[in-house]
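K.L.:
Before we start, here is the structure in question, set down as structure tokens.
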Amino acid sequence: MNETKIEYKQLGDNTIVNITHSLFSAQISLFGAQLLSFTPKGKQDILWCSSDAILDGSKAIRGGAPICWPWFGPSADGLSPQHGYARISKWKVVNSDVQDDQVTVMFAPEIEASLNSELSLNIEMVFSSSATITLITENNSATTHFITQAIHTYFNIQDINKVHVPELSNIDYIDKTKNGVIKNDPQLIVQQEVDRVYQYDKKSLTIDAEGYYIDIKGDYHDSVVIWNPWHEKAKAMADFNNDGYKQMLCVEMANTTPVKVAPNQKIKIQQTFK
Ligand code: TA6
């Protein structure tokens, strides 16, 4: 008999949705509609969250799976927030469906049209032994829009020195630590700051940490972003615990090339992990 519990916990000004199910437990912050923790039964938490993360709603939460929308990276005008405003907005649960084998939760902005008056974003999360996050953008206007976006997931790994991502071997990437030069490595290993946009639109990836594996699947993305700030940059971030860079790797399904969203069109991006 499945005893699923969906509970709301208050953390300062922030509300956390806690889900416990026979197959998993999950925690989602309504600030950012951000999955912070996902633990399949019998496994460790798949997501990393900084122990210094700021959880009071004053800043994007450092960890879990922040949503970058409707742009990824710095804003075009240089004045609006980095990675858009979905991750710094309040969200609400608009629907949930509990089954023996999965739980589905739909999120919408707490104030409709607060993110953008012409585009809407809804976020679906489906949890079972895996977690799937889908961003659904709809153009409600008569104007064509272009967006970039990402599911900026921080994965929890034991030891960054043991990690590689075999599918990204010999794939061209933009090296953001070297002014965007295009490179290609026989193996992705992380021994310094890594901030790369891989030209990878295939569906499957694996974080291989010598015996510990995280399976990642993506859909509708044009690239995969890999990020680890390494020690100096981690230290410079007040919300990134100093040694945290040893236990995390961001593997992000992204549209880094602007995607067209025509009037009345819906587009998606998706990431699944287990
Ligand atoms: O996805 C990688 C990245 O865009 C990096 O350039 C890096 O600075 C990071 O995201 C974190 O950004 P944030 O705004 O959360 O500090």
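K.L.:
Looking for something in contact (Cβ under 8 Å) with a residue 60 or more places away in the chain, hydroxyl-bearing (Ser, Thr, Tyr) and closer than 21 Å to Val98 by Cα - is there at least one such residue anywhere in the stretch 2-9?
P.N.:
yes
K.L.:
Right, here's the next one. Give, as residue ranges, the strands (runs of 3 or more DSSP E) completely inside the stretch 21-124 that count at least 2 residues that are modelled with pLDDT of 95 or more and over 19 Å from Tyr154 (Cβ atoms). Outline the logic, then answer.
P.N.:
Numbers: elements: 24-29, 34-40, 91-98, 103-109.
Answer list for the stretch 21-124: 91-98, 103-109.
K.L.:
Also, I was wondering about something else. Mind checking whether some residue in the stretch 142-162 is touching a Phe, Trp or Tyr at 6+ places or on another chain (Cβ under 7 Å), basic (Lys, Arg) and open to solvent by 20 Å² or more (accessible area, probe 1.4 Å)?
P.N.:
Checked against the condition, which is being touching a Phe, Trp or Tyr at 6+ places or on another chain (Cβ under 7 Å), basic (Lys, Arg) and open to solvent by 20 Å² or more (accessible area, probe 1.4 Å), the stretch 142-162 yields no hits at all.
K.L.:
Does the stretch 95-116 hold any residues that are open to solvent by 20 Å² or more (accessible area, probe 1.4 Å), without any contact (Cβ under 8 Å) to a residue 24 or more places away in the chain and within 29 Å of Pro258 (Cβ to Cβ), and which are they?
P.N.:
Met106, Ile111, Glu112, Ala113 - these are the residues of the stretch 95-116 that are open to solvent by 20 Å² or more (accessible area, probe 1.4 Å), without any contact (Cβ under 8 Å) to a residue 24 or more places away in the chain and within 29 Å of Pro258 (Cβ to Cβ).
Per-residue answers, yes or no, for (1) within 23 Å of Ile46 (Cα to Cα); (2) within 16 Å of the ligand (Cβ to nearest atom); (3) at pLDDT 95 or above; (4) in a strand (DSSP E or B):
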site	(1), (2), (3), (4)
Val225	yes, yes, yes, yes
Ala234	yes, yes, yes, no
Asn241	yes, yes, yes, no
Thr256	no, yes, yes, yes
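K.L.:
Does at least one position in the stretch 200-213 carry a residue that is in contact (Cβ under 8 Å) with a residue 24 or more places away in the chain, part of a strand (DSSP E or B) and out of contact with any helix residue (DSSP H, G or I) (no Cβ under 9 Å at 6 or more places or on another chain)?
P.N.:
Our first condition is that a residue be in contact (Cβ under 8 Å) with a residue 24 or more places away in the chain; within the stretch 200-213, this holds for 200, 202, 204-210, 212.
Now narrow it down to the ones that are part of a strand (DSSP E or B): 204-208.
Within this subset, residues satisfying the condition of being out of contact with any helix residue (DSSP H, G or I) (no Cβ under 9 Å at 6 or more places or on another chain) are 207.
Yes, some residue in the stretch 200-213 is in contact (Cβ under 8 Å) with a residue 24 or more places away in the chain, part of a strand (DSSP E or B) and out of contact with any helix residue (DSSP H, G or I) (no Cβ under 9 Å at 6 or more places or on another chain).
The values are calculated or read from the model by the stated rules, or taken from the named source; none is laboratory data. Nothing here was measured: the structure is a model prediction, and the numbers come from that model. Because the Cβ atoms are built from the backbone with ideal geometry, glycine has one as well, and the counts that use them run over all protein chains shown. Heavy atoms of the whole protein, side chains included, go into the accessibility calculation; ligands, DNA and RNA do not. Shrake-Rupley method; radii C 1.70, N 1.55, O 1.52, S 1.80 Å.
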